[in-house]
Every structure is written in C-alpha cells, then in structure tokens.
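In what follows, a single structure is set out as structure tokens and then discussed.
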Amino acid sequence: MFIAQELRKKNIAEYLLYMWQIEDTIRAFDCSLTRIKREYVERFDYDDEQKEEEVDWFGNLIRMMNQEGCREKGHLQINKVTLQTLIELHDQLLASPKFPFYNAAYYKVLPFIVELRNRGANKEENEIETCFNSLYGVMLLRLQKKDISPDTAHAVKEITTFVGMLSDYYHKDKTDGLDF
C-alpha cells in the first residue's frame, strides 16, 4: 500500500505496473490473506500498525478480485480505469498540435508496437496497453533472471522512454492542467 501510494503520486506508469505485480502476487498466494500476511507482509520492515494497514489493503484487493472475477487472470477495475485514463490522455496528446515531441516519440515506438502485435500481442488491445504489457512481460523475465535479446532490450528502452513521457504528461495534467 505504501509503495503504491508513493508511486501513484510520482509516476502513474510505475504505479500501474506495480499494481499488476500486486495482482499477480495475490494470485501466487492463492488469494489467501492469511498466507499473504504470514509469508509476504511479515518480510517487510514495518511496525505493527503499518503491517495491519498493509494486510487491510491486501484484504480489500482480494475482495475486489473476487467480486470482479479476476482471481485467476485479468486486472482490477481500478487498474483498468487508470490504463483507460492514460489511453485517453495519449489520444488527446496525439490529436493536439501542441505536443510535437510526444508525437515524435509515439512514431518512434510505433514500429515496436507493430512488431509486438505481429509476434502475438493482442491486436485488439490499445497501443498503450500493448506498451504496458510488453514492459510488464520484460519485468517478469528480469525477475526470473531470464535472458532478454538485444532487440527486445532496445524496444523496451524506447517504449520505456515513451511511456515515461506519457506518465510525465499525466502528472503535469493532474497538477497544472494541460492546454490541448
């Protein structure tokens, strides 16, 4: 919870990827709050009050996953809404002539998005979702200490830069408001 709160304030893209990881962590513990508390939360250097807050947060997420039918796969509605907000911002940025650097960054990563889709990524999902799925997939590969090809590493670097720019614009829009 504490990490999620900080990430949400600072970097919405990292927040979303973190929340996807939390969904998978919950699944790894079979959506069992008892196991998450005993085997996961106890590992953190939190005081008792913080641990209880963290356990409550996980409990709420488990409840939502059960209610929303995403115990085994998929994403929580709160995460879908966050992604949809980023997709809408992306569309606004592309449609506006006031953001040429964002436009240039988008067209720089577009060939990678097309390549990902040609290699099996869901062609029906939005391009921003394809970017996030690729970043999350590579993050999982790195956590498993699996090799990443130089081409994939290059693509991920470009996608990371692009998604970072989108995240920066999200933050700027939330704090100052963007003039499209």
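The values are calculated or read from the model by the stated rules, or taken from the named source; none is laboratory data. Predicted model only: the values in this text are computed from it and were never measured. Note that each Cβ is placed from the backbone with ideal geometry, even for glycine, and that neighbours are counted across all protein chains shown. In case anyone asks, the SASA skips ligands and DNA or RNA and just uses the protein heavy atoms, side chains included. Shrake-Rupley method; radii C 1.70, N 1.55, O 1.52, S 1.80 Å.
Length gain on complete extension for the stretch TYR40 to ASP173, per 0.36 nm per residue less the alpha carbon to alpha carbon distance? Numbers along the way, then the final one.
Details: separation 133, 0.36 × 133 = 47.88 nm, distance 3.54 nm.
So the extension gain works out to 44.3 nm.
At what distance in nm do the modelled label points of LYS9 and ARG119 sit from each other, each positioned 7 Å from its Cα along Cα→Cβ?
According to this spin-label approximation, the distance is 3.7 nm.
Please turn the phi angles of region 43-58 into ³J(HN,Hα) values with the Karplus equation 6.51 cos²θ - 1.76 cosθ + 1.60 (θ = phi - 60°), one per residue in order, whole Hz, x for glycine and proline.
Along region 43-58, the couplings run 6, 7, 8, 10, 6, 4, 5, 5, 4, 5, 4, 5, 5, 4, 4, 4 Hz.
Can you send over the carbon and sulfur percentage of the accessible area for the chain, probe radius 1.4 Å, protein chains only? Can you show the working numbers first?
Numbers: 5350 of 10500 Å².
Of the solvent-accessible surface of the chain, carbon and sulfur hold 51 percent.
With all protein chains present, calculate the accessible area of PHE112 using a 1.4 Å probe and round the result to the nearest 10 Å².
In the full protein context, PHE112 sits at about 50 Å².
What are the ³J(HN,Hα) values, in whole Hz, obtained from phi via the Karplus relation 6.51 cos²θ - 1.76 cosθ + 1.60 with θ = phi - 60°, for each residue of region 26-36 in sequence order, with x given for Gly and Pro?
4, 5, 4, 9, 6, 6, 9, 5, 4, 5, 4
Identify all aspartates and glutamates with a Cα-Cα distance to LYS9 below 20 Å; exclude those on the same chain that are fewer than 8 residues away in sequence.
Those aspartates and glutamates meeting the cut-off are GLU23, GLU53, GLU54, GLU88, ASP168, ASP173, ASP176.
Each residue of region 161-170 in turn: what ³J(HN,Hα) in whole Hz from Karplus with 6.51, -1.76, 1.60 and θ = phi - 60°, glycine and Pro shown as x?
Residue by residue, region 161-170 yields 4, 5, 5, x, 5, 4, 4, 4, 5, 4 Hz.
Over the chain, give the accessible area per residue in Å² for a 1.4 Å probe, as an integer. Let's see the in-between values first.
Details: 10500 Å² over 180 residues.
In whole numbers, the chain has 58 Å² accessible per residue.
Given the alpha-carbon gyration tensor of region 1-153, what are the semi-axes of its equivalent ellipsoid in whole angstrom, ordered largest first, with each equal to the square root of 5 times an eigenvalue? Write down the numbers at each step before the final one.
Values: eigenvalues 200, 66, 46 Å².
So the equivalent ellipsoid measures 32, 18, 15 Å along its semi-axes.
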